[in-house]
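These notes are about the structure you will find just below.
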Amino acid sequence: MYTPHTERDIREMLEAIGVSSLEELLRVPAAVALKAELDIVPALPEYQLARRFEHFARKNTGADAISFLGAGAYRHYAPPAIASLAMRGEFLTAYTPYQAEVSQGYLQAIYEWQSYICLLTGMDIANASVYDGATALAEGSIMAINANGRRKLLVSRAVDPNYRAVLKTYCDGLDVEIDEIAVRADGTTDLDALEAAVASRTYAAVALQSPNFFGAVDGLSPSARDAVEASGTVPITVVSEALSLAALATPASWGAQIVVGEAQSFGVALAYGGPYVGFIASTEEHMRRIPGRLVGKSVDKEGRPAYVLTLQAREQHIRRERATSNICTNQAHCALIATMYLSLMGKTGLRDVAALNLERSREAATAVSSIEGIDLKFTAPFFNEFVIDVHQDTAPVLAALKARGILGGVDLGRFYPEYATCILVAATELTTTADIAALAASLQEVVHVHAHAR
Amino acid sequence: MSTLTPDSTQPLIFELGQEGRANRYVETGKPLDAFLPSSLLRSELPLPDNSELDVVRHFTKLSQRTFGIDLGFYPLGSCTMKYNPRVNDAMASLPQFRDLHPYAPDDMAQGALQVMYELERNLASLFGMAAFSLNPSAGAHAELAALLIAKKYYKERGEIRRDKVIVPDTAHGTNPASAAMCGFKVISLPSDERGRVSVEEIKKVLGPDTAVCMMTNPNTLGLFEDHIHEITAAVHAAGGLMYYDGANANAIMGNVRPGDMGFDLMHLNLHKTFTIPHGGGGAGHGPIGVAAHLVDYLPTPLVVATPKSNGDAMGSPSDRLTFALDFDRPKSIGPMRSFWSNFAHAVRALAYIYSNGAEGLAKVSQLAVLNANYVRVKVAEFLEAPYPEICRHEFVVSAQTLKKATGVRALDIAKALLDHGMMAPTVYFPLLVPECLMIEPTETESKETLDRFVEVLRGIVQTAQSDPQQLFDAPVTTVVGRVDETRAARQPNLRWEAQRG
């Protein structure tokens, strides 16, 4: 129970308060008294509690399988130094650093995180984090809506379907419409359609993802960039595989004004979907529209460098219904982990990890696409994820792989009826040559069997 | 410079290291242009290379410049800074939780789904709701989900005129901000002289345009809204919905339930009441609960259970079920986030429930209220108590009289506490109490800690009368003194840049 009270403590404290019992302290009108017996799990001593959770954990057999799952959450190596540092109680048990004098360490770490995100994306400023990649897209879109007052958004269908679903949830509240741009046969966004759409000058923002949901490197061509700029539409780039930022041309280089994304790849555990860490970066002109916490560098009264939460006039606890967002909690601890990851890896390590992701995913793509009956769906260059077409229902294929201890990828038909025979396959630095061989051998058997069955 | 006292400055990570000082976590990769045309690649990557030891020292030093619950008393009102049990972290770190991909098939994620199912069922019972969705990431995120639910609910009923959200002046700032994000107009309701929402006042603003009334009980003054059942009845009679902001749930857990008070929607901050570490401002976890008529609108996915033909060895009721994620919920407002929940936190919260059981959780709230009242009566000896009556888990005092007499403000008291190895209370909130200090001791603090806090605070008030300058100068024992916030806002420096140095 973690409460230190002895019977004597309780007695003395009740006496000091001037009441006779705990019940008297918690008395409520009869009309609102407990109306049912509580149905709660039994209290367990700590060693039995641990057994119970180990029992739960053992049922997660998916954690031990050979995995080619990606699609917005990636398996990467995290040096143990991260856990050892991040689990220090000073970091773990601190609140939002309102009292700057006793929070300099955490504030500095967040300032370093903001700086890392700026350096990686090529943007001018970044916030102290938001919940995750999907909510970063929603909040980034609201920034654009607040910038130009338009009430429609244009989003590529190659943006992560979960992000688009969350964006729709938010837009239903804001009464903002979303239109989608089609995907070309090569797996990238149809920029001709994009140029034609923005010419209406009715869209607050246009959002593209790179690498996009299919793993393909996507983005605005010079001509599309000109069309977007001329139309007064805010270009937003979505990055759901943050590791790609170590290798690919920055979103800034093709004109993004707002970059939103997910930094789970930087040392944050998969943990069945969370907590992860979203980021929002932008050009300086959007500084006062950015949601969430911002840490700034200032000085203390002796003139010593000091960090502090700043530009708080944007925030809900000051401005209430006129705030830029309702965000209060951010993902500070995950941002801290990502900052540690980036610091440990460094420029050299990050480049190496990115190169290994490029290499292993190409090995996997080559091995799999050389199997008869399987093709690569798209031709555009990819980062660490690609789409295969098995030319048959994917469910039995993935089930047969699963029976062989392999999670072969994400069934694309789940999100795109037009790609019902396709699977999204990811390979990272943790994917071994043996894993790739096992996938290829199993697919050979499975797809072969099904081809005969037809 | 002392070896054990932190210096006033620690260089930025960008100012340390040498290019090429790499740690060998992975093999050396080939040049990137072996895989992609150089037109798609970035030309430079301006990040520092540091040795592991230098990185470990850097972040260890940053930790020494950060105050957490593990270092001392943290009476930050409305934030419930209680002890975060280590067993919860150990359970969340079990490899088969940590390494499970969100797209792992349901039949290979049964343990994770069981954790989510048990947590959801326990919260529903504990707070008297029909069901919870674990989807929202934090309290404000769940508030947004709740207002989206209200908006959709009224739209489907053809009641589109309902566009007003009533928010008492004691409410958290997130309440009106969340309402604005759904296009609702906010009506702010003043508290009465007892610090409560008055039934008469709320009746004046209720009408056919009422959508939702957002309340927390106990409210942010730490007072129980003792007419809550009349308020919920009045709002329901006007056709509105009642929303319970669960930020203060540590005051009621296992003793009284929002469902029994008549609330239709609610959220919990598992990072407050259920001991998830705040981690410097997040990640949190904010499940949303609803009464039966709103279950279909909950954000997706939900965990659903079906009976197994043969239960397994442990024999607990949930061991006899099979679990699945349910995305196919046509009336749902949709998902609020990329993936299903802040799952690692669901593990922590459920572990905490197992540590306590029903009786233990009820006792937690009772002792939180005991601690708050104990500190309240002692502090009332030397600071103004605007609401001198039994409080719940927190209470407010005012430094208004002290300020008039000495010039010492709530902020100065807060800063002075830092010099005594204690976190400051929440200051200047709620807004209706001038020079407000909002104190929430939590149940995990011992009587000795509370006694010491009271004596330190008493000493500060005495110093205010004898030597106020000492308080204006505080803190003096911290690595930096008061920070120039005006400069931070007027000349924003939000990132390191090479040329800035």
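The values are calculated or read from the model by the stated rules, or taken from the named source; none is laboratory data. Computed from a predicted model, the values in this text were never measured in an experiment. In this analysis, Cβ positions are derived from the backbone assuming ideal geometry, glycine residues included, and neighbour counts consider all displayed protein chains. Surface accessibility is based on the protein's heavy atoms, side chains included, excluding ligands, DNA and RNA. Shrake-Rupley method; radii C 1.70, N 1.55, O 1.52, S 1.80 Å.
Would you tell me the mean number of C-beta atoms belonging to other protein chains that fall within 10 Å of each C-beta in B:229-237, as a whole number?
The mean count of partner-chain Cβ atoms within 10 Å per residue comes to 1.
Tabulate in residue order the Karplus-calculated ³J(HN,Hα) for segment B:374-385, using 6.51 cos²θ - 1.76 cosθ + 1.60 with θ = phi - 60°, rounded to whole Hz; enter x for Gly and Pro.
For segment B:374-385, the Karplus curve yields 4, 5, 4, 5, 6, 5, 4, 5, 9, 10, 4, 10 Hz.
Can you give me the accessible area per residue for segment B:358-487, using a 1.4 Å probe, in Å²?
On a per-residue basis, 35 Å².
Say R0 is 41 Å: what FRET efficiency, to the nearest 0.05, do B:K331 and B:R86 get from their beta-carbon distance?
0.50
Taking the Cα-to-Cβ direction at B:A489 and at A:R322 and moving 7 Å from each Cα, how far apart do the two end points lie in nm?
If labels sit at B:A489 and A:R322, their model points lie 1.3 nm apart.
Indicate the residues belonging to segment A:295-313 that lose 30 Å² or more of solvent-accessible heavy-atom surface (probe 1.4 Å) upon moving from the chain alone to the assembly of all protein chains, ignoring ligands and nucleic acids.
Residues shielded by partner chains are A:K297, A:S298, A:V299, A:D300, A:K301, A:R304, A:P305, A:V308, A:T310, A:L311.
Summing Lys, Arg as +1 and Asp, Glu as -1, what charge do residues with Cβ under 13 Å from the Cβ of A:T432 carry, A:T432 excluded?
Net charge around A:T432: -3.
Under 17 Å from a point 7 Å along the Cα-to-Cβ line of A:T432: which residues of segment A:77-92 have their amide N that close?
Only A:77-78 fall inside the zone, counting backbone N under 17 Å.
Comparing the chain by itself with all protein chains present, which residues of segment A:97-111 are at least 30 Å² less accessible (probe 1.4 Å)?
A:Q99, A:E101, A:V102, A:Q104, A:G105, A:Q108, A:Y111
Within 11 Å, Cβ to Cβ, of B:Q366, how many net charges do the neighbouring residues add up to if Lys/Arg are +1 and Asp/Glu are -1?
-2
Computing the accessible area with a 1.4 Å probe over protein heavy atoms, can you report the carbon and sulfur percentage for segment B:87-355? Kindly include the intermediate steps, with their values, before the conclusion.
Working: 3720 of 6930 Å².
Carbon and sulfur atoms account for 54 percent of the accessible area of segment B:87-355.
Please go through the residue pairs B:K272/B:K415; B:K415/B:K447; A:K35/B:K151; A:K35/B:K152; B:K82/B:K272 and name each one whose alpha carbons sit more than 18 Å apart in this structure.
Check vs 18 Å cut-off fails for B:K272/B:K415; B:K415/B:K447; A:K35/B:K151; A:K35/B:K152.
Mean projection of the alpha-carbon convex hull of chain A over all orientations, in nm²? Don't skip to the answer; put the middle values down first.
On the way: hull surface 116.9 nm².
Projected area, direction-averaged: 29.2 nm².
Per residue of segment A:407-422, what does 6.51 cos²θ - 1.76 cosθ + 1.60 with θ = phi - 60° give for ³J(HN,Hα)? Whole Hz please, x for Gly and Pro, Karplus curve as stated.
Along segment A:407-422, the couplings run 8, x, x, 9, 5, 6, x, 4, 10, 10, x, 6, 10, 5, 9, 10 Hz.
Can you flag which of A:K297/B:K404; A:K402/B:K331; A:K347/B:K30 are past 23 Å Cα-Cα?
A:K297/B:K404; A:K402/B:K331, as the Cα separations exceed 23 Å there.
Using a loss threshold of 20 Å², tell me which positions in segment B:269-286 are less accessible in the complex than in their chain alone. Probe radius 1.4 Å, ligands and nucleic acids ignored.
B:P277, B:H278, B:G279, B:G280, B:G281, B:G282, B:A283
Near the amide H of B:L76, under 5 Å away, which other amide H atoms are found, from residues 5 or more places off or on another chain, if H is placed in the peptide plane?
For B:L76, the qualifying residues are B:M81, B:E440.
Roughly speaking, what is the stretch gain from A:E54 to A:E418, that is 0.36 nm per residue apart minus the C-alpha to C-alpha distance, in nm to one decimal? It would help to have the intermediate numbers written out before the result.
Numbers: separation 364, 0.36 × 364 = 131.04 nm, distance 4.13 nm.
Stretched out fully, the A:E54 to A:E418 stretch lengthens by 126.9 nm.
Students often forget the sequence filter, so: which aspartates and glutamates lie under 12 Å Cα-Cα from A:K301 once same-chain residues fewer than 8 apart are removed?
Of all the aspartates and glutamates, those that pass the test against A:K301 - Cα under 12 Å, at least 8 places apart if same chain - are A:E101, B:D473, B:D484, B:E485.
Taking both sides together, what accessible area is buried at the B/A interface, probe 1.4 Å, expressed in Å² and rounded to the nearest 100?
When B and A are taken together, about 16800 Å² of accessible area is lost.
With every protein chain kept in place and ligands, DNA and RNA left out, what is the accessible area per residue of segment A:287-446? Probe 1.4 Å, answer in Å².
Solvent-accessible surface per residue comes out at 31 Å².
Grab the DSSP H runs of chain A that are 4 residues or longer, score each as -39,500 (n - 2.57), total them, divide by all residues and round the 222 nm result to the nearest 500 deg cm²/dmol.
Value at 222 nm, helices only, nearest 500: -12500 deg cm²/dmol.
For chain A, with all protein chains present and a 1.4 Å probe, just round the carbon and sulfur fraction of the accessible area to a whole percent.
51
To the nearest 20 debye, what is the magnitude of the charge dipole of segment B:87-355 about its Cα centre, counting +1 on the Cβ of each Lys and Arg and -1 on the Cβ of each Asp and Glu?
Value, rounded to 20: 400 debye.
Per residue, how large is the accessible surface of segment B:87-355? Use a 1.4 angstrom probe and give square angstrom.
With all protein chains present, segment B:87-355 gives 26 Å² per residue.
I want to make sure I understand the PRE zone here: with the label point 7 angstrom from the Cα of B:K404 toward its beta carbon, which residues in segment B:441-485 have backbone N atoms less than 19 Å away?
Answer for segment B:441-485: B:461-462, B:464-466.
What is the local net charge at B:R452, summed over the other residues whose Cβ is closer than 12 Å to its Cβ (Lys, Arg +1; Asp, Glu -1)?
-1
Please list 3J(HN,Hα) in residue order for segment A:189-195, calculated via the Karplus relation 6.51 cos²θ - 1.76 cosθ + 1.60 where θ = phi - 60°; whole Hz, with x for glycine and proline.
Karplus values, whole Hz, x for Gly and Pro: 5, 6, 6, 5, 4, 4, 4.
Okay, helix-only estimate at 222 nm for chain B: each DSSP H run of n ≥ 4 adds -39500 (n - 2.57), divide by all residues, round to 500 deg cm²/dmol; what do you get?
Counting only the DSSP helices, I get -10500 deg cm²/dmol.
Heavy atoms only, probe 1.4 Å: what % of the accessible area of segment B:358-487 goes to carbon and sulfur, would you let me know?
49
What does the extension gain come out to for B:D209 and B:A385, with contour length at 0.36 nm per residue minus their alpha carbon separation? Could you put the intermediate results ahead of the total?
Working: separation 176, 0.36 × 176 = 63.36 nm, distance 3.75 nm.
That works out to 59.6 nm of additional length.
Place a point 7 Å from the Cα of B:L432 along the Cα-to-Cβ direction; which residues of segment B:355-392 have their backbone N under 12 Å from it?
In segment B:355-392, the label zone of B:L432 (backbone N under 12 Å from the point 7 Å along Cα→Cβ) covers B:387.
Determine the gain in length on full extension of the stretch A:D375-A:E15; use 0.36 nm per residue of separation and subtract their C-alpha separation, reporting nm with one decimal.
Working: separation 360, 0.36 × 360 = 129.60 nm, distance 7.85 nm.
Full extension of this stretch gives 121.8 nm more.
With a Förster radius of 25 Å, plug the Cβ-Cβ distance of A:A441 and B:S93 into 1/(1 + (r/R0)^6) and report the FRET value to the nearest 0.05.
Efficiency, from the Cβ-Cβ distance: 0.15.
Excluding ligands and nucleic acids, what accessible area in Å² is computed for A:K301 using a 1.4 Å probe, to the nearest 10?
110
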